[in-house]
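Participant: Please see the structure below; I have some questions.
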Amino acid sequence: MPDVRAPAGGAPGARAPGPAVRATDLRVVRGGRRGTLALDGVTLTVPSGVIVGVLGPSGSGKSTLLRAIVGVQVITSGSIEVLGLPAGSTGLRRRLGYVTQAPSVYGDLTVQRNLRYLGAVVGAPASDVGRVLDEVDLVDCAHRRVDSLSGGQRSRVSLAAALLGTPELLVLDEPTVGLDPVLRRDLWDLFGRLRERGTTLLVSSHVMDEATRCDRLLLLRDGHVIADDTLPGLLARTGTSDVDAAFLALIEGQPPNGRGS
């Protein structure tokens, strides 16, 4: 499935006042009434213009939370507001970019053709294709078919697609997984430049050391937010010296509940 740009409207480049995301008592049950409780009473506020790391082990609810924010996840109860509108609203298409864990572009098209097509879908100017290719360092691959690229390159094509139209909010589900250290560093440098332009970024990861790159952290475990704080605040609160130790301190004595991802 191509990159999902949550449903048109809103002036490109406009920045909404107030928080980027606000969720209240959000619950998601996957698999019907007797299914798995993936998110349980999640309440959070994401400020605008910052990088928020959504951290936690596999099965903690990170992907489910991001899908709910984008508006492609059915929620059981509670509410979620994105850029001042209910999640999934038609008015969010050009304002929100989403990168899934699996590359979400067409393998039988070249990189450039993918971006031209997806840019037309979201109403981005034609000049955006060259800009995003440069931002993700794929200019030399523009005329190659996506299915001929490496896994890391395909992931960058998905990121380039999400950057079309200069969205206000970027939702990135484990964008650095499987990438070499140099490419991971380069992507985080790009994320920092996007934040400087006023973009809000939600970046999920199970790599705890990426917390140092974020302005704020959401730590999840078993469908619950166990911390919503800056890294210095989290370390001070737990009396620890790194995010791994802080996470362990927060969950000490809490048995796992076996809830879904």
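Participant: Normalised by the number of residues in the stretch 122-261, what is the relative contact order in percent for Cα pairs under 8 Å and 6+ residues apart?
Facilitator: It rounds to 16 percent for the stretch 122-261.
Participant: Percent relative contact order of the stretch 21-251, based on C-alpha pairs within less than 8 angstrom and at least six residues apart?
Facilitator: Relative contact order, the stretch 21-251: 27 percent.
Participant: Shifting gears a bit: How would Thr64, Thr166 line up from fewest to most surrounding beta-carbon atoms within 10 angstrom?
Facilitator: Ordered by Cβ neighbours within 10 Å, fewest first: Thr166, Thr64.
Participant: What do you get for GluC sites (Glu not before Pro) in the stretch 153-261 restricted to DSSP loop and a cutoff of at most 10 other Cβ within 10 Å of the site's Cβ?
Facilitator: Listed in order of number, the matching sites are Glu252.
Participant: Can you show me the helix-derived [θ] at 222 nm for the chain, built from DSSP H runs with n ≥ 4 at -39,500 (n - 2.57) apiece and divided by the number of residues, rounded to the nearest 500.
Facilitator: Rounded to the nearest 500, the figure is -8500 deg cm²/dmol.
Participant: Can I ask one more? Treating the Cα atoms of the stretch 165-240 as identical point scatterers in vacuum, please give the log10 of the normalised Debye intensity I(q)/I(0) at q = 0.20, 0.22, 0.25 Å⁻¹, two decimals.
Facilitator: -0.99, -1.14, -1.31
Participant: Next up: Return the distance in nm (one decimal) between the two label points of a simple spin-label model at Ala236 and Asp140, each offset 7 Å from Cα along Cα→Cβ.
Facilitator: Label-label distance for Ala236 and Asp140, simple model: 4.6 nm.
Participant: Within the stretch 21-251, what percent of beta bridges assigned by DSSP are antiparallel, to the nearest 5? Let's see the in-between values first.
Facilitator: Numbers: 20 of 38 bridges.
Just about 55 percent of them are antiparallel.
Participant: Quick one, which of [x] 54, 38, 36; [y] 58, 55, 36; [z] 52, 42, 35 is the actual Cα extents along the principal axes in Å calculated for this model?
Facilitator: Only one option fits the structure, namely [x].
Participant: Only four residue types carry charge here, +1 at the Cβ of Lys and Arg and -1 at the Cβ of Asp and Glu. Report the dipole size of the chain about the Cα centre in Debye, rounded to the nearest 20.
Facilitator: Using Cβ point charges on Lys, Arg, Asp and Glu, the chain gives about 840 debye.
Participant: For a footprinting-style exposure proxy, rank Arg195, Arg156 by other Cβ within 10 Å, fewest first.
Facilitator: Result, fewest neighbours first: Arg195, Arg156.
Where a number appears in this text, it was derived from the coordinates with a stated rule and is not lab data. The model shown is predicted, which means the values in this text are computed figures rather than measured ones. Backbone-built Cβ (ideal geometry, glycine too); neighbour counts: all protein chains shown.
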